[in-house]
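Data first, discussion second: the structure below is written as structure tokens.
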Amino acid sequence: MEIPRLHPDTIEEVKQRVDIVDVISEHVVLRKRGKDYLGLCPFHEEKTPSFSVSPIRQFYYCFGCGAGGNAFNFLMELGKQSFSEVVFDLARRYQVPVKTLEPKQRQELQRQLSLREQLYEILALTASFYQHALRQPQGEVALKYLKTERQLSEETIQQFQLGYAPSGWETLYRYLVEQKRYSVALVEQAGLIKQRKSGNGYYDQFRDRLMIPIQDPQGRIVAFGSRTLASEEPKYLNSPETPLFNKSKTLFALDKARYQISKQDRAVVVEGYFDAIALHAAGIANAVASLGTALSKDQLRQLLRYTESKQVVLNFDADSAGIAATQRAIGEIESLVYSGQVQLRVLKLPDGKDADEFLKSAPVAVETYRIFLLAAPLWLDWQINQFLAGHDLKQADQFEQVAQKIVKLLNQIEDANKRNYYVRRCAELLSQGDSRLISLYANNLLAQLKKPQLRSTTKQPSSSPLNLPLSSESSLLEEAEASLLLIYLHCREHRQEIIDALEEKDLLFSFSHHRFLWQQIMDLKDEAIQPPGDSSNRLLSLLQDRSIDFPEQMVQVAHLFHLKEKNQWEDILRAPLAIRHAIASLEYVACQKYRRYCIQQWQNLNPVTESESMQYYYQELQDAEERIQELEKLRQVNLLEIVAY
Ligand SMILES: [Zn+2]
């Protein structure tokens with residue numbers, strides 16, 4: 001049968017409708033095992049089932065012969081059919097209306113595809129042209145600028161494919177159009193040349209400029225950024241919008257940062273190209289630059305694909321001080337912050353420096369920057385502090401002003417728990433250390449708040465430990481981290497145990513305020529050693545001294561300095577159990593994260609050409625899931641024992 005070419009919409013719709021269990025169970029007897037199904041592999045001879053089908057991930061995998069893939073792959077393999085045949089059959093079966101490509105449509109689709117391909121080609125060629133020009137006598141000033149002013153190494157210059165656009169009006173034009181024979185229309189669509197106002201001929205968009213290629217997440221060049229070398233206006237000039245380049249959807253250096261973002265589970269967003277380049281050169285490779293003054297929703301969504309816990313640190317220039325500038329920088333993403341879809345933190349460097357300037361300012365600047373990143377306050381905390389800054393709360397009118405702003409802010413927080421937390425926190429701040437006033441202020445604030453709206457949330461209906469929603473994962477983590485710190489601070493005899501356990505399992509604190517406190521504790525470790533018999537708590541008093549240097553950070557962990565019940569941990573047997581429980585919880589969350597990472601990797605692989613990697617990730621996934629079950633049991637047992645004591 002001759003299969004007509006299918007429209008991409010039809011393929012997509014079939015993909016959405018098809019259910020792998022449904023498809024495979026027509027050919028294989030499947031039994032449910034846990035969340036998955038198990039059966040005898042149709043692709044090799046076997047007596048005990050090793051063929052598993054996952055409805056959640058919509059894929060199958062055979063432990064015996066390594067066959068694996070989605071529903072399409074299964075039918076193609078089984079019936080030795082082509083992709084189009086399989087989709088066509090499935091479309092009929094699921095009653096998806098089949099749209100085929102008319103010869104004319106097909107041509108148009110082909111044309112669009114080949115236009116993009118050609119634009120990629122021209123931009124890549126142009127980047128090499130600029131790189132070459134940087135090494136010519138004409139590029140000397142540009143190269144010197146990179147090496148001395150920006151202090152970039154040869155390696156970094158190469159890594160970012162930095163280049164130089166010569167100063168002539170038609171240098172690139174002649175190279176691409178006359179020498180390389182690309183059509184003028186195509187080069188114009190690539191955003192590299194512009195038509196003269198007179199209508200006669202074209203001139204280069206970039207002249208006598210330092211050139212910075214902008215790449216998509218796959219590393220293909222889609223545009224250029226540039227900086228003047230002759231103090232011309234504008235100082236920075238980007239490519240215009242093209243079929244390949246949409247400024248508000250592109251992040252500079254994401255191609256180089258995405259691995260580190262997912263590894264560190266955190267992204268840093270800076271304003272300028274050179275800020276991002278300087279950070280990468282300093283080994284802080286989870287940094288990207290926004291291409292404008294504000295961060296757009298589309299840009300943010302791109303980032304969030306790579307960070308599981310949605311941690312983004314915004315390090316924009318601090319020159320225009322105050323809250324308004326940062327608010328503009330946050331632009332349209334503010335609503336995502338209030339609704340808790342992103343854990344946004346704000347980093348303002350001292351003396352109004354940008355990241356590039358700061359990193360060059362002192363020999364230990366890189367280490368300092370890393371600490372700043374970890375200690376960066378959440379956007380809400382930062383904003384509240386901005387409200388308070390410079391106000392004398394003892395003056396009634398100023399107090400009222402601040403309180404009004406706070407109410408307005410609290411009203412925007414959608415999550416009720418989070419809102420309550422901030423009500424309490426703001427009441428504490430307003431009370432200025434007079435603890436008798438806290439609940440009065442908290443009640444006043446609450447009385448002024450709108451009732452939280454009940455929103456219809458689309459929660460996944462699952463309570464299995466493997467599908468723990470991220471929010472409860474994070475509260476589990478927070479609780480576990482806090483109890484480790486609490487025990488460390490108050491039970492001297494268990495300190496080494498905690499250090500050993502963290503090291504053995506290679507675990508780190510995830511919450512920045514906990515990480516900050518742990519860093520302080522480690523810094524003070526030697527100083528805090530006490531002679532036997534001395535019953536005071538030197539570590540605590542040393543930490544309290546430090547509070548003066550880091551008031552904002554310490555405020556977030558101050559509650560750990562006091563034990564609620566005096567004898568909470570005095571029972572020698574209880575602390576080790578609590579430590580084990582907490583460590584198991586940390587490991588549990590880490591495993592969950594790794595599991596999701598494996599799934600993501602797995603899904604992005606091609607079952608035909610990358611079957612070995614698929615097998616690898618599948619095995620990793622199985623191991624992670626096994627470990628998760630073990631840890632879940634371990635945590636339950638520990639918990640029971642703790643309660644029993
Ligand atoms: Zn098999």
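The values are calculated or read from the model by the stated rules, or taken from the named source; none is laboratory data. Keep in mind the model is a prediction, meaning the values are calculated, not measured. For neighbour counting, all protein chains shown are included, and Cβ atoms are generated from backbone atoms with ideal geometry for every residue, glycine included.
Each row is one residue, and each column tells you yes or no for (1) in a loop (DSSP other than H, G, I, E, B); (2) in contact with a helix residue (DSSP H, G or I) (Cβ under 7 Å, 6 or more places away or on another chain).
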{"site": "Q112", "(1), (2)": "no, no"}
{"site": "L143", "(1), (2)": "no, yes"}
{"site": "L152", "(1), (2)": "yes, yes"}
{"site": "Y182", "(1), (2)": "yes, yes"}
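Residue pairs whose Cβ atoms lie under 8 Å apart, separated by 6 or more positions or on different chains, with the first residue in segment 125-146 and over 21 Å from A281 (Cα atoms) and the second among the hydroxyl-bearing types (S, T, Y) and modelled with pLDDT under 95, are Q138/S167. Residues in segment 55-81 that are in a loop (DSSP other than H, G, I, E, B) and either within 12 Å of the ligand (Cβ to nearest atom) or at pLDDT 85 or above (or both): F63, G64, C65, G66, A67, N70. Restricting attention to segment 18-38, the residues being part of a loop (DSSP other than H, G, I, E, B) and either within 16 Å of the ligand (Cβ to nearest atom) or among the polar types (S, T, N, Q) (or both) number 5. Mind checking whether some residue in segment 393-414 is touching a residue at least 40 places away in the same chain (Cβ under 8 Å) and of a type outside the set (A, V, I, L, M)? There is at least one residue in segment 393-414 that is touching a residue at least 40 places away in the same chain (Cβ under 8 Å) and of a type outside the set (A, V, I, L, M). For segment 184-200, the set of residues classified as over 39 Å from the mean Cα position of the chain (by Cα), assigned to a loop (DSSP other than H, G, I, E, B) and not small (G, A, S) consists of R196, K197, N200, listed by residue number. For S50, are the conditions met, namely being away from the ligand (no atom under 16 Å from the Cβ), more than 14 Å from M614 (Cβ to Cβ) and either modelled with pLDDT under 80 or surrounded by fewer than 21 Cβ atoms within 10 Å (Cβ to Cβ) (or both)? It is false that S50 is away from the ligand (no atom under 16 Å from the Cβ), more than 14 Å from M614 (Cβ to Cβ) and either modelled with pLDDT under 80 or surrounded by fewer than 21 Cβ atoms within 10 Å (Cβ to Cβ) (or both).
Of the residues A447, A442, A416, the single one that is among the small types (G, A, S) and in contact with a Pro (Cβ under 7 Å, 6 or more places away or on another chain) is A416.
Against the numbered list (1) surrounded by 14 or more Cβ atoms within 10 Å (Cβ to Cβ); (2) within 12 Å of the ligand (Cβ to nearest atom), H44 comes up short only at (1). Of all residues in segment 26-41, those that are of a type in the set (F, W, Y) have Cβ atoms under 6 Å from Cβ atoms of residues that are assigned to a loop (DSSP other than H, G, I, E, B) and within 16 Å of the ligand (Cβ to nearest atom), 6 or more apart or on another chain, in Y37/L30. Does segment 84-91 contain any residue that is assigned to a loop (DSSP other than H, G, I, E, B) and touching a residue at least 40 places away in the same chain (Cβ under 8 Å)? No: segment 84-91 contains no residue that is assigned to a loop (DSSP other than H, G, I, E, B) and touching a residue at least 40 places away in the same chain (Cβ under 8 Å). Filtering segment 81-104 for residues that are within 27 Å of V222 (Cα to Cα) and of a type outside the set (K, R) leaves an empty set.
Results for (1) farther than 16 Å from L229 by Cα; (2) surrounded by fewer than 16 Cβ atoms within 10 Å (Cβ to Cβ), shown as yes or no for each residue.
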{"residue": "R135", "(1), (2)": "no, yes"}
{"residue": "E149", "(1), (2)": "no, yes"}
{"residue": "W169", "(1), (2)": "no, yes"}
{"residue": "L176", "(1), (2)": "yes, no"}
{"residue": "K180", "(1), (2)": "yes, yes"}
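Would you mind stating whether Q398 is touching a His at 6+ places or on another chain (Cβ under 8 Å) and under 26 Å from G433 (Cβ atoms)? When the stated conditions are applied, Q398 passes them. When segment 614-644 is filtered for residues that are surrounded by fewer than 15 Cβ atoms within 10 Å (Cβ to Cβ) and either closer than 30 Å to K15 by Cβ or modelled with pLDDT under 75 (or both), the ones remaining, listed by number, are Q619, D623, Q636, V637, L640, V643, A644. Residues in segment 328-349 that are basic (K, R) and not in a strand (DSSP E or B) were compared, and the one that is farthest from L300 (Cα to Cα) is K348. The lone criterion from (1) touching a Lys or Arg at 6+ places or on another chain (Cβ under 7 Å); (2) in a loop (DSSP other than H, G, I, E, B) left unmet by C41 is number (1). Scanning segment 201-214 for residues that are modelled with pLDDT of 95 or more and either among the polar types (S, T, N, Q) or part of a loop (DSSP other than H, G, I, E, B) (or both) returns Q205, F206, R207, D208. Of the residues examined, Q159 is not one that is more than 16 Å from the ligand (Cβ to nearest atom) and surrounded by fewer than 14 Cβ atoms within 10 Å (Cβ to Cβ). The criterion of at least 3 residues that are among the charged types (D, E, K, R) is met, among helices (runs of 4 or more DSSP H) falling completely within segment 465-564, by 470-490, 495-505, 538-546.
Taking the criterion of being over 27 Å from the mean Cα position of the chain (by Cα), surrounded by fewer than 22 Cβ atoms within 10 Å (Cβ to Cβ) and of a type outside the set (A, V, I, L, M), the residues of segment 209-235 that qualify are R227, T228, S231, E232, E233, P234, K235. Among the residues of segment 184-205, those that are surrounded by 12 or more Cβ atoms within 10 Å (Cβ to Cβ) and of a type outside the set (A, V, I, L, M) comprise E188, Q189, G191, K194, Q195, G201, Y202, Y203, D204, Q205. Scanning segment 378-392 for residues that are in contact with a helix residue (DSSP H, G or I) (Cβ under 7 Å, 6 or more places away or on another chain), over 15 Å from S431 (Cα atoms) and surrounded by fewer than 19 Cβ atoms within 10 Å (Cβ to Cβ) gives a single hit, Q386.
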